[in-house]
Amino acid sequence: MPPNRLPLMLILLLLPLLARAQDWNAMIQQQMNQMNANIARGQQQVNQIVQQRMQDPGVQAGYQQYLAQMATAGRAPMNYATYAYYHVYTNGFSAQGMAHMRSTEAGIQAREQAAWQGLQQAQARRAQAQQAWRDGYAGHQAEAGRQLMGNSTWRAPDGSTRELPHTWQRGTTHLYQGQAYHVDGTGQYYQRGADGWWYPLATR
């Protein structure tokens, strides 16, 4: 391959890897934005409900009883807004409401853990994509260096590779590093196997 075509070829090969790494970053950012928006909407709704409940005389009376209990027990009480929040959350501190709160909290923790694991997995995939891009870039840079020196990497049908001069003329046969190679009229490279047959080589 002519050296002046190398930069364009490298760019074309690396574009999908760059796009994939950017896609991972965009996906993670989009998930974080959606999660933050959902949290903000939920918090706003909760705040409105708590503000309404704080105006309820029954809740206010319950808070006064709670303050007296805390004073008797010698414990620091929660503030009124927090008390009103838990009053809403537990349906007036009922047994069923308390059980519902514990179940909900456990579910929230499980979902947060799953979301965190999902984020970690997404970041791991992004890191793998970036590493693949770096490896691919390094490999292509090394191959470009070999090509500038007159060699290219060729792959045999069994997956093994070898560096061979890409300057051999068509219709020629060469003994190179103990192996026999042939270039046919189309420029296709072949290596002669131990069985005497010629096997095609593919460029990397």
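Which sequence of H182, H100 reflects their accessible areas, 1.4 Å probe, from the largest down?
H100, H182
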With r defined as the distance between the Cβ atoms of T172 and A26 and R0 fixed at 41 Å, what FRET efficiency is calculated, to the nearest 0.05? 0.20
Spacing of the two label points (7 Å from each Cα toward its C-beta) at N33 and D56, in nm: 3.8
Modelled label-to-label distance, N79 and A202, 7 Å Cα→beta-carbon offset: nm? 6.8
Spin-label point model (7 Å from Cα, Cβ direction): what's the Q48 to Q121 distance in nm? 3.5
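The values are calculated or read from the model by the stated rules, or taken from the named source; none is laboratory data. Please read all numbers here as calculations on a predicted model, not as lab measurements. Backbone-built Cβ (ideal geometry, glycine too); neighbour counts: all protein chains shown. Only protein heavy atoms, including side chains, enter the accessible area calculation; ligands, DNA and RNA are left aside. Shrake-Rupley method; radii C 1.70, N 1.55, O 1.52, S 1.80 Å.
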